[in-house]
1. What is the distance in Å between the Cα centres of segment 96-110 and segment 257-288?
2. Specify which residue in the list 249, 185, 284 is farthest towards the positive end of the charge dipole of segment 169-288, using unit charges on the beta carbon of Lys, Arg (+1) and Asp, Glu (-1), about the Cα centre.
3. Give me the percent relative contact order of segment 258-303, please, defined on Cα pairs under 8 angstrom at least 6 residues apart.
4. Suppose only helical runs count, i.e. DSSP H with n ≥ 4. What mean residue ellipticity at 222 nm does that imply for the chain under -39500 (n - 2.57) per run, divided by all residues and rounded to the nearest 500 deg cm²/dmol?
5. Shape verdict for the chain, please, from the Cα gyration tensor: rounded (a/c under 1.5), prolate (a/b greater than b/c) or oblate.
6. As a quick test, which of the pairs 10/31; 10/163; 219/256 have an alpha carbon distance above 22 angstrom in this structure?
7. Sequence neighbours fewer than 8 away in the same chain don't count; with that in mind, list the lysines whose C-alpha is under 22 Å from residue 114.
8. Show me the trypsin sites (Lys or Arg not before Pro) within segment 63-111 that DSSP assigns to loop and that have at most 11 other Cβ atoms within 10 Å of their Cβ.
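What follows is calculated from the coordinates using simple rules that are stated; it is not laboratory data. All values derive from a computational prediction rather than experimental measurement. Neighbour counts are summed over all protein chains in view; Cβ atoms, including those assigned to glycine, are modelled from backbone coordinates with ideal geometry.
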Amino acid sequence: VGGLKKILHKLEDIEVFEDKDLTKFSTLQLKARGDLIRVKSVKSLSNLLGKFFDNNIDYTLLGWGANTLLKEKSEKPYIQLAFPIPDDCLKIFRERYVLPANIGLNILTSHASKFCLSGWEVFTGVPASLGGAIFMNAGTNLGEIGNLVESVQIIDKKGTEKKIEVDKNSFSYRKNNFLKPGDVIVSATLIHMGKDTDIPNKIRDYLNFRKQSQPLQKKTCGCTFKNKIVSNSGVEATCHAGQYIDKLGLKGFRYKNLRISPVHANFIENLGESTYTDFVEFVGIINDELELHYGFKFDLEVRL
Ligand SMILES: Cc1cc2nc3c(=O)[nH]c(=O)nc-3n(C[C@H](O)[C@H](O)[C@H](O)COP(=O)(O)OP(=O)(O)OC[C@H]3O[C@@H](n4cnc5c(N)ncnc54)[C@H](O)[C@@H]3O)c2cc1C
């Protein structure tokens, strides 16, 4: 029995997989192996984090892996939430929704479409768990999820459960400002802006737009680079990373088994058995090219 299993053998409601093939645990599907712990209840998560704290073990939370690059051999164990989704949480229209962090945004989008929830269209088509979306303040050009979050329930690195009230200052572009290292979101309370009968149309149109403008059938991690705000003589403008890469004629440019998507220049497609190292090298090459031509690099949106 390996080290992790020994330390965690008394804990209930968890499954431990040592040295598991994790290639399919991220949407980019880089070749990856590591230890994975599936946690089935909030109490077991609290016990697990307490144990990790006592044994000085660091960990990484994994949602849908839609914005995370997994390493060929991870030193830290991954934790994946597998809480039961209550049957009744999305059956009826509510003023506010208390939802487990592992619920998929796609399920929330279906609910928003059915009950015409204004505000919930902002995350249409974003592949994510609710926890991953809040961590990243995921959004589209319709808005960001941060504006819909009223509070989150977390377990901190010592295993203590806490409630954090949040507002719009708790978020910035693709970033939350309130979680501390090791905090795990276990559930969140979401609000909306009332009913709007146009929401189902907005959601449908936006899904169609995404189908045409993004390589949704390929293995990617969404946008690789963050857009950049630059200030020129006091006037702020957003530089869209994809447009800058496209202007250099780099759509379709290939490095090993990775290529810049011919459909969307900020997406990198994994065409074969690529690795974390390949991806980091490729991103470095693209950023060097951007710096050479425009005088600046773009920060990564994807988390290394
Ligand atoms: C095809 C495609 C299109 C995309 N389009 C968009 C888009 O339009 N807009 C956008 O914003 N993003 C987009 N993305 C990126 C991605 O969907 C988002 O960043 C999303 O929020 C990631 O959620 P996740 O559950 O996969 O998180 P993961 O990638 O698994 O994790 C992301 C980060 O959140 C942390 N985390 C996850 N769950 C928790 C939790 N419960 N508690 C604490 N920390 C947690 C992880 O440790 C990690 O640091 C796209 C990705 C793909 C593949």
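1. Each part's Cα centre sits 31 Å from the other's.
2. 249
3. Numbers: 27 pairs, mean separation 10.8, N = 46.
Relative contact order for segment 258-303 comes out at 23 percent.
4. Working: 7 runs with 78 residues, N = 304.
Counting only the DSSP helices, I get -8000 deg cm²/dmol.
5. Working: a/c = 1.76, a/b = 1.16, b/c = 1.52.
Note, shape of the chain comes out oblate.
6. Working: 10/31 31 Å; 10/163 27 Å; 219/256 15 Å.
Too far apart for the 22 Å limit: 10/31; 10/163.
7. Straight-distance partners of residue 114: 91, 195, 202, 211.
8. Working: sites: 71, 73, 91, 94, 96; in loops: 71, 91, 94.
In loop regions of segment 63-111 (DSSP not H, G, I, E or B), the sparsely surrounded trypsin sites (Lys or Arg not before Pro) are 91.
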